[in-house]
Structures are given as structure tokens and as C-alpha cells.
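> Pasting a structure here, questions to come.
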Amino acid sequence: MSDPHRALLARLLGPAGPEVSCEVCFERLDEYVDAELAGRDADREIPGMAAHLDGCPACREDHESLRALVSGEPS
């Protein structure tokens, strides 16, 4: 199987580990961003959040916007 096909298959199957829902992501995104900006292991604190952000464009956009807002960096 070629690399593009493997990548597509991996996206269709989803992550191998835990993943949070959009609802949980929305509820805990501030904690996740705080942990990231503090240099802590954010995905260890909220397992599955990174996998969800990788696969959900809407939540990823919220994450990028919140992170930019809290850190003072442009998004």
C-alpha cells in the first residue's frame, strides 16, 4: 500500500488511542491550552485531545484561536 493510501486509511480509521468528542474538547480546551503554554504535557493531562485536534478542523481552529489569544501571538 502506498504512503498516500496509508495516510487516507489512518484518517478514516481514526486514532489508535483515546480521543475526546467535540463537546469534551470545547469544555476542556482552556485547560489544554493553559497546559501547553505552561510547558506541561497537555495530552497526558487530557488524553486524546491532540488526536481530536488533529482530526477535527473546527476544534483545531478554536484551539489555534484560543492559543493565540491567551499567548498574545497572532493566529
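> Only one of 38, 68, 51 is free of Cβ contacts under 8 Å to residues at least 60 places away in the same chain, within 30 Å of residue 9 (Cα to Cα) and aliphatic (A, V, I, L, M). Can you tell me which? Lay out the reasoning, then the answer.
Values: 38 fails: within 30 Å of residue 9 (Cα to Cα); 68 fails: within 30 Å of residue 9 (Cα to Cα).
It is 51.
> For residue 68, are the conditions met, namely being open to solvent by less than 50 Å² (accessible area, probe 1.4 Å) and either out of contact with any Lys or Arg (no Cβ under 6 Å at 6 or more places or on another chain) or at pLDDT 95 or above (or both)?
yes
> Considering only the range 33-64, state which residues are part of a helix (DSSP H, G or I) and exposed (fewer than 12 other Cβ atoms within 10 Å of the Cβ). If you could, list the steps in order and put the result at the bottom.
Going residue by residue through the range 33-64, those that are part of a helix (DSSP H, G or I) are 33-37, 42-45, 49-55, 57-64.
44, 57, 58 - these are the residues of the range 33-64 that are part of a helix (DSSP H, G or I) and exposed (fewer than 12 other Cβ atoms within 10 Å of the Cβ).
> Next up: Go through (1) at pLDDT 95 or above; (2) surrounded by 12 or more Cβ atoms within 10 Å (Cβ to Cβ); (3) under 13 Å from the mean Cα position of the chain (by Cα) one by one and return the number of the condition residue 30 breaks.
(2)
The values are calculated or read from the model by the stated rules, or taken from the named source; none is laboratory data. Please read these numbers as outputs of a predicted model, since none were measured by experiment. Don't worry about glycine lacking a Cβ; one is built from the backbone with ideal geometry, like all the others, and counts go over all protein chains shown. Heavy atoms of the whole protein, side chains included, go into the accessibility calculation; ligands, DNA and RNA do not. Shrake-Rupley method; radii C 1.70, N 1.55, O 1.52, S 1.80 Å.
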